[in-house]
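Colleague: A single structure is presented below for examination.
Each value in this text was obtained by applying a stated rule to the coordinates, not by laboratory testing. None of these values were measured; they are calculated from a predicted model. Don't worry about glycine lacking a Cβ; one is built from the backbone with ideal geometry, like all the others, and counts go over all protein chains shown.
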Amino acid sequence: MQTRRKSSNVLLNTALQEFYGAADEMGLNERLISILSHSERMMQVSIPVEMDDGSVEVFDGYRVQHSTALGPSKGGIRYDPGVDMDECEALAMLMTWKCSLAGIPYGGGKGGICCDPLTMSRREKERLTRTYAARIEPILGRWSDVPAPDMNTGGQEMVWILDTVSKMRGKLEPAILTGKPVSYWGSMGRNEATGRGVATCGLELMRVLDKNPGSMTAAVQGFGNVGSFTAKTLNDAGVRIVAISDITGSYYSAGGIDIHRAFDTVRANPKKLLEGFEKTGNCEKIDDVLFAECDFLFPCARDGVINSETAGKIRARYIVEGANGPTTPEGEAVLDDAGVMVVPDFLANSGGVIGSYFEWAQNLQGAFWTEEEYNNKLVHIMKGNFRRVWDYSEAKNIKMRRAATMAAIQRVADVSEMRGLFL
Ligand code: GLU
């Protein structure tokens, strides 16, 4: 038996240990355990950028392809000071399970640049993005590796990458990445897709628990692409959003946050933040959105926020993970003891990559769907996937995270067995 991997990086270690735990529980053979606990390909690049003051800074960029067993590796590119190879590896593995569970024809990948985008100008970010794109270009392709937005990246970054790769190859390659703006080969619905999917999981959970959304309260951590549309979709379904947050703080209103005003506030802010919302939004600032009095908590900001220090103070009984990896194993143990139910990230936030698959399929066909068609298909798939995991966890009497991991691993394992070792 090959030695099992451990990592000092919390996110990677969590991903590995959850994988081993699920693999053992389902009796997966050792050769597949060894293969799937490693990434197929990991690329590190240096990115020299001329800053606006004329100096040169060199950034580290990464792209990891964890598995291409089911299809091209798929996953976002993030800009954050915490990005490193271990983090990308962990998130790439999570993408493998996410795509497998979602039933879409992709493996898992992830990439990113270690940088602080909030301190960089638009021109600096463009130079950073284009050089990164040029350096990872050899491994990108519509049938090999298809990136998308992630933390602190969006349509603009995707256009810079697409434009750079297309110029290098001398032809337009729209299907090489997803999350593009609607005006340039993107799909209507993709921008809202992750949040819509997270909210759909929350609403499905209410349905199986026989709870009326109109009498439920929720707190949403993070008001970026995921958190904002999660809050909006829940609000539209009648759920009372009592607290929201971003890096400027946590905002609370027992009577319900005015989500439309929150959107107006970030739209008007140059850094797209909720700064000053306590004045414009008729709400008060509180210490931490995580500890707000509510029924459902949606952590949609970043990894590791629900940990041994914070988990015990959470008052919600149900948690639906919009971010990737928001709960550490220690945090989850505390939640388990307290009987808090968790819908795991790679099920709850899979609306983004399912929406990406719709966009990619349209690009390959050169066809466009209506927004209604896109949203209906997305919600239909999310509901079905939620239901499958719920039923499996009930039947086996195991947590949803374990049930989802086992189902996801099974599909990858079956295909890997059919395809053989030479992957
Ligand atoms: N970054 C998103 C995620 O973590 C979307 C990935 C994609 O669409 O490829 O799921």
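Colleague: Can you pick out the pairs among Lys180/Lys285; Lys6/Lys211; Lys272/Lys399; Lys171/Lys272; Lys110/Lys399; Lys6/Lys171 whose Cα atoms lie more than 31 Å from each other?
Modeller: Working: Lys180/Lys285 35 Å; Lys6/Lys211 41 Å; Lys272/Lys399 36 Å; Lys171/Lys272 34 Å; Lys110/Lys399 26 Å; Lys6/Lys171 43 Å.
Going by Cα-Cα distance, Lys180/Lys285; Lys6/Lys211; Lys272/Lys399; Lys171/Lys272; Lys6/Lys171 fall outside the 31 Å limit.
Colleague: If you average the C-alpha positions of segment 124-141 and of segment 285-304 separately, how far apart do those two centres end up, in angstrom?
Modeller: If we compute the Cα centre of each part, the gap is 35 Å.
Colleague: Which aspartates and glutamates does Lys232 reach when only Cα atoms under 18 Å apart count, and residues fewer than 8 places away in its own chain are ignored?
Modeller: Reachable aspartates and glutamates: Glu192, Glu204, Asp246, Asp258, Asp264, Asp295, Glu321, Glu371, Glu372.
Colleague: Can you list the trypsin sites (Lys or Arg not before Pro) in segment 193-258 that are in a DSSP coil and have 16 or fewer other beta carbons within 10 angstrom?
Modeller: Values: sites: Arg196, Arg207, Lys211, Lys232, Arg240; in loops: Lys211.
Counting only loop positions with at most 16 other Cβ atoms within 10 Å, the trypsin sites (Lys or Arg not before Pro) in segment 193-258 are Lys211.
Colleague: Taking the Cα centre of each part, how many Å lie between segment 55-100 and segment 389-423?
Modeller: 22
Colleague: Another one. One-quarter of the Cα convex hull surface for segment 344-404, in nm²? List each step's numbers first, then the result.
Modeller: Values: hull surface 17.0 nm².
Averaged projected hull area, Cα only: 4.2 nm².
Colleague: Now, a different point. Sequence gap at least 6, Cα distance under 8 Å: using those rules, report the relative contact order of segment 122-184 to the nearest whole percent. Numbers along the way, then the final one.
Modeller: Values: 65 pairs, mean separation 24.1, N = 63.
Relative CO of segment 122-184 lands at 38 percent.
Colleague: If you take all C-alpha pairs in the chain, what percent of them are over 42 Å apart?
Modeller: Numbers: 7860 of 89253 pairs.
Percentage above 42 Å: 9.
Colleague: Note the full-extension length gain between Arg207 and Glu57 as 0.36 nm times their separation in residues minus their Cα-Cα distance, in nm to one decimal.
Modeller: Details: separation 150, 0.36 × 150 = 54.00 nm, distance 5.16 nm.
Value of the extension gain: 48.8 nm.
Colleague: Scan around Leu274 for amide H atoms under 5 Å from its own, H built in the peptide plane at 1.01 Å from N, and keep only partners 5 or more places away or cross-chain.
Modeller: Those lying under 5 Å, H to H, from Leu274 are Thr248.
Colleague: Related question: Considering the chain as a Gaussian network with a 10 Å cut-off on Cα pairs, which listed residue, Asp163, Asp60, Asp116, attains the greatest mean-square fluctuation?
Modeller: Among Asp163, Asp60, Asp116, the largest mean-square fluctuation in the Gaussian network model of the chain belongs to Asp116.
Colleague: Ignoring chymotrypsin sites (Phe, Trp or Tyr not before Pro) that are buried or in helix or strand per DSSP, and keeping those with at most 11 other beta carbon atoms within 10 Å, what is the longest stretch of the chain between them?
Modeller: On the way: sites that count: Trp143, Phe422.
Of all site-free stretches, the longest is 144-421.
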